[in-house]
């Protein structure tokens with residue numbers, strides 16, 4: 001015979017389990033509804049399409065007369081993948097022999113060899129690729145994209161990067177130096193110690209003295225002494241991508257790699273937040289991983305301009321070596337950031353007065369960047 005007391009206890013336990021389960025279900029349902037009603041803050045339903053780049057992104061033109069930012073914007077608004085669009089834009093600059101800061105005709109290293117760096121990041125796919133110190137390929141940005149799409153890696157360097165490019169079908173040239181950049185290299189050689197490798201203090205002073213003197217004489221565009229083009233774009237869906245490509249620091253020690261191909265330094269993209277990239281003194285930016293810093297600041301609610309200015313202040317605070325500071329105790333070099341979030345809000349910021357290129361529905365233009373300091377870096 002069954003015990004009626006045991007039956008009542010079981011019924012009470014069953015009711016408790018039911019009530020508990022119902023409560024958990026209601027809580028879960030409530031949480032899901034709350035999540036559905038509160039999407040991530042930087043995931044807009046309709047973003048403003050924008051392409052932003054360094055100032056040389058509105059100089060070189062393609063066969064249709066479009067500059068980098070104009071080409072990229074046209075492709076984005078016609079429905080192209082954002083990364084394909086910004087790469088097509090920088091390809092115009094990479095293949096222009098008159099631009100001595102990027103690709104073909106870029107100012108060579110100390111031995112007269114053009115070594116190129118590039119990185120790409122795809123926000124929606126959350127993938128990236130980069131190459132460093134690659135020789136003989138005019139469009140390293142396209143090789144970087146192949147690293148992203150055809151390998152399990154993020155960065156290939158030197159001869160390995162060149163071999164990979166050859167395997168992918170890229171034309172390999174003996175040297176990308178042009179007659180213009182060769183003449184500038186020989187002039188620099190003439191003005192410096194032919195052995196080049198001096199003690200750190202003497203080398204730094206000699207390198208800057210010769211190079212900056214050539215800038216002052218109008219032989220080198222001041223925007224091209226450090227080189228590089230960064231280009232970031234966002235489409236109407238809020239999808240953001242970016243690319244940075246460069247021939248690197250003029251007359252660099254062979255094998256030197258700056259910030260451009262390093263994710264988080266010369267470029268950083270988060271598909272949920274936005275993108276930031278840089279030009280200028282790569283070593284200063286590389287030390288702070290400032291592009292990553294900018295994107296994280298935007299994630300935490302800062303506007304693009306405020307995020308960029310915060311990064312510049314971080315760079316300045318970390319510039320403590322006397323040789324890198326001017327008479328006012330400020331950095332004696334230039335550094336620029338080009339920033340866009342997934343809403344299409346943008347900013348160009350710099351340590352000192354500079355410019356950046358932009359293209360919106362209003363067309364391409366060059367605008368003044370927000371500067372942290374007034375005056376000249378060398379003052």
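The values are calculated or read from the model by the stated rules, or taken from the named source; none is laboratory data. Since this is a predicted model, take the numbers as computed values, not measurements. Backbone-built Cβ (ideal geometry, glycine too); neighbour counts: all protein chains shown.
The lone criterion from (1) more than 19 Å from the chain's Cα centre (by Cα); (2) surrounded by 17 or more Cβ atoms within 10 Å (Cβ to Cβ); (3) closer than 27 Å to residue 120 by Cα left unmet by residue 300 is number (2). Evaluated against (1) assigned to a helix (DSSP H, G or I); (2) modelled with pLDDT of 90 or more; (3) within 19 Å of residue 245 (Cα to Cα), residue 223 falls short on exactly one condition, (2). Scanning the range 71-107 for residues that are part of a helix (DSSP H, G or I) and touching a strand residue (DSSP E or B) at 6+ places or on another chain (Cβ under 7 Å) yields 72, 73, 76, 82, 83, 85, 86, 87, 89, 90, 93, 94. Specify which of the listed residues (44, 4, 49) is at pLDDT below 95 and under 30 Å from the mean Cα position of the chain (by Cα). Matching residue, one of 44, 4, 49: 44.
Select from the range 309-325 the residues that are out of contact with any strand residue (DSSP E or B) (no Cβ under 9 Å at 6 or more places or on another chain) and closer than 20 Å to residue 270 by Cβ and write down the one among them that is surrounded by the most Cβ atoms within 10 Å (Cβ to Cβ). The qualifying residue surrounded by the most Cβ atoms within 10 Å (Cβ to Cβ) is 314. Here residue 125 meets the list (1) closer than 22 Å to residue 355 by Cβ; (2) not in a strand (DSSP E or B) almost entirely, failing just condition (1). Among the residues making up the range 238-254, a single one is touching a helix residue (DSSP H, G or I) at 6+ places or on another chain (Cβ under 8 Å), at pLDDT 95 or above and not in a strand (DSSP E or B): 239. Within 28 Å of residue 70 (Cα to Cα), within 20 Å of the chain's Cα centre (by Cα) and free of Cβ contacts under 8 Å to residues at least 40 places away in the same chain: which single residue out of 129, 103 fits that description? Just one listed residue meets the conditions, 129.
Conditions tested, residue by residue: (1) buried (at least 24 other Cβ atoms within 10 Å of the Cβ); (2) free of Cβ contacts under 8 Å to residues at least 60 places away in the same chain; (3) not in a loop (DSSP other than H, G, I, E, B).
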| site | (1), (2), (3) |
| --- | --- |
| 294 | yes, yes, yes |
| 307 | yes, yes, yes |
| 338 | yes, no, yes |
| 365 | no, no, yes |
| 375 | no, yes, no |
| 379 | no, yes, no |
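For residue 303, are the conditions met, namely being touching a helix residue (DSSP H, G or I) at 6+ places or on another chain (Cβ under 6 Å) and touching a residue at least 40 places away in the same chain (Cβ under 8 Å)? In short, no. Please verify whether the range 147-166 includes one or more residues that are under 25 Å from residue 346 (Cβ atoms) and touching a strand residue (DSSP E or B) at 6+ places or on another chain (Cβ under 8 Å). Taking every residue of the range 147-166 in turn, at least one turns out to be under 25 Å from residue 346 (Cβ atoms) and touching a strand residue (DSSP E or B) at 6+ places or on another chain (Cβ under 8 Å). Against the test of being in a strand (DSSP E or B) and over 25 Å from residue 61 (Cβ atoms), the options 130, 118 yield a single qualifying residue, 130.
Test residue 167 against the stated conditions and say whether it is under 28 Å from residue 263 (Cα atoms) and in the same structural domain as residue 117 (by TED's automatic domain parsing). Answer is yes for this residue.
For the range 265-280, filtering for residues that are surrounded by fewer than 23 Cβ atoms within 10 Å (Cβ to Cβ) and touching a helix residue (DSSP H, G or I) at 6+ places or on another chain (Cβ under 9 Å) leaves 2.
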